[in-house]
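Participant: Mind looking over this structure? Questions follow.
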Amino acid sequence: MRPLARVAFALILACGLAAVLAACKHTVGPSLTVVIEGRRLEPSSTVPNAANICCCRVRGTIRNTSTIAVNVEVRFHSKDSAGKDLGTALDWVPNIPAGASKTFDAPGIIALCSQVATIDNDPIAYGLYDGPR
């Protein structure tokens, strides 16, 4: 190898190694956890005899058990007794401080509340970090 080629090769190798090492130096943040503290099925309509009218929603409270504030997407997958999907109730709960609770109201179940046999919680927390970068 020529001297210039060796220098170029060494420079490229050093830059590649530096890039790999720099990519490995990221900070891992705190765990993001939330707890659904009570949920109830309610008819989506407020008219008299609403329990006999489609559709259903999930209401309740969510608590942020993380050490930083979070936004939470709450999702409740519902099924009837035969395992048929009845829809997913969704809500977005913004800016829940660490240790605090907020209410949610998640519409999206396309069935009577009496037809819902199972509900699976599937919340997703997104951290709100405002510290130094």
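Participant: Could you list which residues have their amide H under 5 Å from that of Arg57, counting only those 5 or more apart in sequence or on another chain, with H placed in the peptide plane?
Facilitator: The answer is Glu42, Ser44.
Participant: How fast does region 34-127 diffuse by Stokes-Einstein, in µm²/s, taking the Kirkwood radius from C-alpha pairs at 20 °C and 1.002 mPa s?
Facilitator: Numbers: Rh = 13.5 Å.
Rounded, D is 158 µm²/s.
Participant: Moving to a separate point now. Ranked by Cβ crowding within 10 angstrom, fewest neighbours first, how are Val58, Val47, Val74 ordered? Write out the running numbers ahead of the final one.
Facilitator: Details: Val58 27, Val47 7, Val74 23.
Taking fewest neighbouring Cβ atoms as first place, the list is Val47, Val74, Val58.
Participant: Residue by residue, what Karplus-based ³J(HN,Hα) values in Hz, rounded to whole numbers, does region 31-45 have, using 6.51, -1.76 and 1.60 with θ = phi - 60° and x for Gly and Pro?
Facilitator: 5, 10, 9, 9, 10, 7, 10, x, 9, 9, 8, 9, x, 6, 8
Values quoted throughout were computed directly from the atomic coordinates according to the rules given, and no laboratory measurement underlies them. Just so it is clear, the model here is predicted, and its values are computed rather than measured. When we count neighbours, we look across all protein chains shown, and the Cβ atoms used for this are built from the backbone with ideal geometry, even at glycine.
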